[in-house]
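Each remark here refers to the structure printed beneath this line.
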Amino acid sequence: MVRAGLLGLEFYSPETSSWKQAHMNARFVILQVLLEAGDDFVSIQPRDNEDGQPDLLISMDREKIETVGKDAIANFLMRLQLYKATADVESG
């Protein structure tokens, strides 16, 4: 899901400031939640691949999935449910 969130950027249109596919937007949001979780849970670092071309290294600390990752997703889903329950479309 982290990789899909990053690759989903190709479905974002800067001209219209909108996403071409809703599920790609959702994947990008999940990526942002996991990056913001902190504690070096998920990181994205620029690097060069074997042929010298620019690339990215996506890392996830698997030992933190059940602690940091689970808490981050749980908090996100609680906020999302609150926005839905109160019809707060802008925050959602």
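The values are calculated or read from the model by the stated rules, or taken from the named source; none is laboratory data. Fair warning: this is a prediction, and the values are worked out from it, not measured in the lab. For neighbour counting, all protein chains shown are included, and Cβ atoms are generated from backbone atoms with ideal geometry for every residue, glycine included.
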Pairs returned, first residue in the range 3-22 that is more than 26 Å from S59 (Cβ to Cβ) and free of Cβ contacts under 8 Å to residues at least 60 places away in the same chain, second residue that is among the charged types (D, E, K, R) and assigned to a loop (DSSP other than H, G, I, E, B), beta-carbon separation under 9 angstrom, 6 or more apart or interchain, are S13/K20
Within the set of pairs 6+ apart or on separate chains, which have a first residue in the range 66-92 that is farther than 17 Å from I30 by Cβ and part of a helix (DSSP H, G or I), a second that is small (G, A, S) and at pLDDT 95 or above, and C-beta atoms under 9 Å apart?
none
Can you work out which of the residues in the range 41-54 that are touching a Leu at 6+ places or on another chain (Cβ under 7 Å) and surrounded by 11 or more Cβ atoms within 10 Å (Cβ to Cβ) is farthest from R27 (Cα to Cα)?
F41
Residues that are of a type in the set (S, T, N, Q) and either within 10 Å of the chain's Cα centre (by Cα) or buried (at least 16 other Cβ atoms within 10 Å of the Cβ) (or both), drawn from the range 20-40
N25, Q32
Hey, could you check the range 55-92 for residues that are within 20 Å of A4 (Cβ to Cβ) and not aliphatic (A, V, I, L, M) and say which is surrounded by the most Cβ atoms within 10 Å (Cβ to Cβ)?
G69
Scan (1) closer than 25 Å to G92 by Cα; (2) out of contact with any Phe, Trp or Tyr (no Cβ under 9 Å at 6 or more places or on another chain); (3) hydrophobic (A, V, I, L, M, F, W, C) for the single condition A4 breaks and write down its number.
(2)
